[in-house]
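This report refers to the structure that appears directly beneath it.
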Amino acid sequence: MLYGTDIRCKVTAGYMTNFYDSNAQLFFDSTINVVMDELYAQFTPLIAAGSHILDLGCGSGRDSKYFIQNGYNVTALEPSKELAVLASEHIDQTVMVKAAQQIGEINTYDGIWACASLLHVPVSELTDVFQRLASSLKPDGVIYCSFKQGRGVLERNGRTFTDMNQEQFDILLQQVATLQVISIWESSDLREGRENEKWFNALLKKV
């Protein structure tokens, strides 16, 4: 079992969305201007122009707007209602209020952008979520995902995070046969003043 028997994540989707609903404007303001070019450069060369991208947990809509401006067809999802309102205004299209656990599309997307959006998924639900993401991808579709670098489940500032490392990610992917690793790397947080925080990044391909 992922993370052995030390599973302390009992947080419901409603609990986490309540946090972001209550702090929506603060979260929007703190993330909207983060420069993401080095991550886009890993993902977009693998996605043909005009392709359909799912921005999963789009937050402020920052990345959705970038993809739209660069000619991609974007579906944006955000589980927080208040953030979805702000993101909809920012990208000038509707952001659906929906969590990763609710994805049910089949062979729909060419790419899935899950930037810092799966790190609140309870460990016990991660396998199902990745299976859902794989099913929603078209053949040869690509997923980018990122987690805080580490191991286990931690409480930070009123939120519960599922951290990730290479060993645990390998265990996870053993349960999702249709996804193959393209690359995995560690990066520093791109927000000013948080450069010492490390992230676990992965690019996956549906095979």
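The values are calculated or read from the model by the stated rules, or taken from the named source; none is laboratory data. Please read these numbers as outputs of a predicted model, since none were measured by experiment. FYI the Cβ positions are ideal-geometry reconstructions off the backbone, even for glycines, and counts take in every protein chain you see.
Things to note:
- Any hit, the range 118-138, residues being hydroxyl-bearing (S, T, Y), in contact with a Leu (Cβ under 7 Å, 6 or more places away or on another chain) and closer than 21 Å to N33 by Cα: no
- Set side by side, the residues L39, L46, L77 differ, and just one is of a type in the set (A, V, I, L, M), at pLDDT 95 or above and buried (at least 21 other Cβ atoms within 10 Å of the Cβ), which is L77.
- Condition broken by R151, with the remaining ones in (1) more than 20 Å from K198 (Cβ to Cβ); (2) in a loop (DSSP other than H, G, I, E, B); (3) among the basic types (K, R) satisfied: (1)
- Residue count for the range 154-207, restricted to those that are within 21 Å of D37 (Cβ to Cβ), part of a strand (DSSP E or B) and of a type in the set (K, R): 1.
- Within the range 151-193, being free of Cβ contacts under 8 Å to residues at least 24 places away in the same chain, surrounded by 12 or more Cβ atoms within 10 Å (Cβ to Cβ) and more than 30 Å from A48 (Cα to Cα) holds for one residue alone: L154.
- Residue check for Q101: over 18 Å from A202 (Cβ atoms), surrounded by fewer than 21 Cβ atoms within 10 Å (Cβ to Cβ) and not aromatic (F, W, Y): yes
- For the range 122-168, a residue qualifies if it is at pLDDT 95 or above and aliphatic (A, V, I, L, M), and the qualifying residues are L126, V129, L133, A134, L137, V142, I143, M164.
- When restricted to residues that are crowded, with 20+ Cβ neighbours inside 10 Å, in contact (Cβ under 8 Å) with a residue 60 or more places away in the chain and not in a helix (DSSP H, G or I), the range 120-145 contains 6.
- Residue check, F67 touching a Gly at 6+ places or on another chain (Cβ under 8 Å) and either at pLDDT 95 or above or surrounded by 19 or more Cβ atoms within 10 Å (Cβ to Cβ) (or both): no
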